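Asks: Pasting in a structure now, in structure tokens, and then I'll have a few things to ask.
The values are calculated or read from the model by the stated rules, or taken from the named source; none is laboratory data. For clarity, every value in this text was computed on a predicted model and none was experimentally measured. Positions of Cβ are backbone-derived with ideal geometry, glycine not excepted, and every protein chain shown enters the neighbour counts. SASA here: full protein model, heavy atoms, side chains in, ligands and nucleic acids out. Shrake-Rupley method; radii C 1.70, N 1.55, O 1.52, S 1.80 Å.
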Amino acid sequence: MSQHVINSMQNWVSKVIVKYNFCPFAKKEVEQQSIHYQVSSAVSHEDAVMEMLQECFELNTLPERETTLLIFSEGFTLFDDFLDLVDLANAMLCAQGFEGKYQIANFHPDYVFADSDEADPANYTNRAPYPTLHLIREDSMAMALEQYDDPESIPDNNIRLARRKGEAFWQQLLSQCTAHK
């Protein structure tokens, strides 16, 4: 099961994030194999946050690991429950002294931006096969953003692309990421 989850997420990173350039910095990390995929079976917020903190400590000791995707294969299938986890994870990141060192991006199969319609294709910029907390090194992100022309345009460009391709396109692509066991 864990390897299937990792394969699904690797497919998603390759076939969605890199191919459609949702994150212009991901290709380098894929090529350097510096993304760590950690599958969690946590179903409680407390267990999930403890695992997230453990991944932060591992990032501290493993400089070759650029980023971590903490993937929840069992829990947080309800988007609102996942948003509660994101809030708690961000609070704990600060409480444990990781603020300014790591930041969290988040992805969910049913992701919906605030004040957005559920069917808006733009939501697919943050939809992934599984609920996921993405731990990002802030120093690395700052350096990458400095070398990118007009980084403020990234979200708008992603939204335009997602809407141009349409919801059916992204639904099919996302389902293809998990099709291979």
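Asks: Go through the range 89-109 and give me each residue that's open to solvent by less than 60 Å² (accessible area, probe 1.4 Å) and outside any helix (DSSP H, G or I).
Replies: Those that are open to solvent by less than 60 Å² (accessible area, probe 1.4 Å) and outside any helix (DSSP H, G or I): 97, 98, 100, 102, 104, 105, 106, 107, 108, 109.
Asks: If you don't mind, there's one more thing I want to ask. Can you tell me which residue within the range 162-180, out of those that are within 18 Å of residue 113 (Cα to Cα) and touching a Lys or Arg at 6+ places or on another chain (Cβ under 8 Å), is least open to solvent (accessible area, probe 1.4 Å)?
Replies: Ranking the candidates gives 170 first.
Asks: Is the range 13-20 home to any residue that is of a type in the set (S, T, N, Q), over 14 Å from the mean Cα position of the chain (by Cα) and surrounded by fewer than 18 Cβ atoms within 10 Å (Cβ to Cβ)? Reasoning before the result, please.
Replies: Filtering the range 13-20 for residues of a type in the set (S, T, N, Q) gives 14.
Still in the list and also over 14 Å from the mean Cα position of the chain (by Cα): none.
Checked the range 13-20: no residue is of a type in the set (S, T, N, Q), over 14 Å from the mean Cα position of the chain (by Cα) and surrounded by fewer than 18 Cβ atoms within 10 Å (Cβ to Cβ).
Asks: While we're here: What number of residues within the range 93-113 satisfy the criterion of being closer than 27 Å to residue 8 by Cβ and among the polar types (S, T, N, Q)? Spell out how you get there, then give the answer.
Replies: Within the range 93-113, the subset closer than 27 Å to residue 8 by Cβ is 93, 102-113.
From what's left, among the polar types (S, T, N, Q): 103, 106.
Summing the residues that are closer than 27 Å to residue 8 by Cβ and among the polar types (S, T, N, Q) in the range 93-113 gives 2.
Let's see how each residue does on (1) farther than 25 Å from residue 10 by Cβ; (2) modelled with pLDDT under 95; (3) of a type outside the set (A, V, I, L, M, F, W, C):
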position: 131; (1), (2), (3): no, no, yes
position: 135; (1), (2), (3): no, no, no
position: 141; (1), (2), (3): no, yes, no
position: 150; (1), (2), (3): yes, yes, yes
position: 155; (1), (2), (3): no, yes, yes
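Asks: Does the range 154-162 contain at least one residue that is within 20 Å of residue 77 (Cα to Cα) and within 17 Å of the chain's Cα centre (by Cα)? Before you say what the answer is, go through the steps one by one.
Replies: From the range 154-162, those within 20 Å of residue 77 (Cα to Cα) are none; that's our starting set.
Within the range 154-162, none of the residues are within 20 Å of residue 77 (Cα to Cα) and within 17 Å of the chain's Cα centre (by Cα).
Asks: Out of the range 111-155, which residues are free of Cβ contacts under 8 Å to residues at least 40 places away in the same chain and farther than 30 Å from residue 59 by Cα? Steps first, answer last, please.
Replies: As a first pass, look at the range 111-155 and keep what is free of Cβ contacts under 8 Å to residues at least 40 places away in the same chain: 111-118, 123, 126, 138-139, 142-143, 145-147, 149-153, 155.
Within the range 111-155, 114, 115, 116, 117, 118 qualify.
Asks: Of the residues 25, 79, 57, which is open to solvent by 20 Å² or more (accessible area, probe 1.4 Å), aromatic (Phe, Trp, Tyr) and free of Cβ contacts under 8 Å to residues at least 24 places away in the same chain? So that I can check it myself, show each step before the final result.
Replies: Numbers: 25 fails: free of Cβ contacts under 8 Å to residues at least 24 places away in the same chain; 79 fails: free of Cβ contacts under 8 Å to residues at least 24 places away in the same chain.
Of the residues listed, the single one that is open to solvent by 20 Å² or more (accessible area, probe 1.4 Å), aromatic (Phe, Trp, Tyr) and free of Cβ contacts under 8 Å to residues at least 24 places away in the same chain is 57.
Asks: Follow-up question, since we're still on this one. Mind telling me which of the residues 86, 112 ends up being among the hydrophobic types (A, V, I, L, M, F, W, C), closer than 30 Å to residue 32 by Cα and either part of a helix (DSSP H, G or I) or open to solvent by 30 Å² or more (accessible area, probe 1.4 Å) (or both)? So that I can check it myself, show each step before the final result.
Replies: Details: 112 fails: closer than 30 Å to residue 32 by Cα.
Every option except 86 fails the conditions.
Asks: Being assigned to a loop (DSSP other than H, G, I, E, B) and either open to solvent by less than 60 Å² (accessible area, probe 1.4 Å) or within 18 Å of residue 40 (Cβ to Cβ) (or both) narrows it down to one residue among 64, 74; which is it? Walk me through it before giving the result.
Replies: Numbers: 64 fails: either open to solvent by less than 60 Å² (accessible area, probe 1.4 Å) or within 18 Å of residue 40 (Cβ to Cβ) (or both).
Of 64, 74, the one residue that is assigned to a loop (DSSP other than H, G, I, E, B) and either open to solvent by less than 60 Å² (accessible area, probe 1.4 Å) or within 18 Å of residue 40 (Cβ to Cβ) (or both) is 74.
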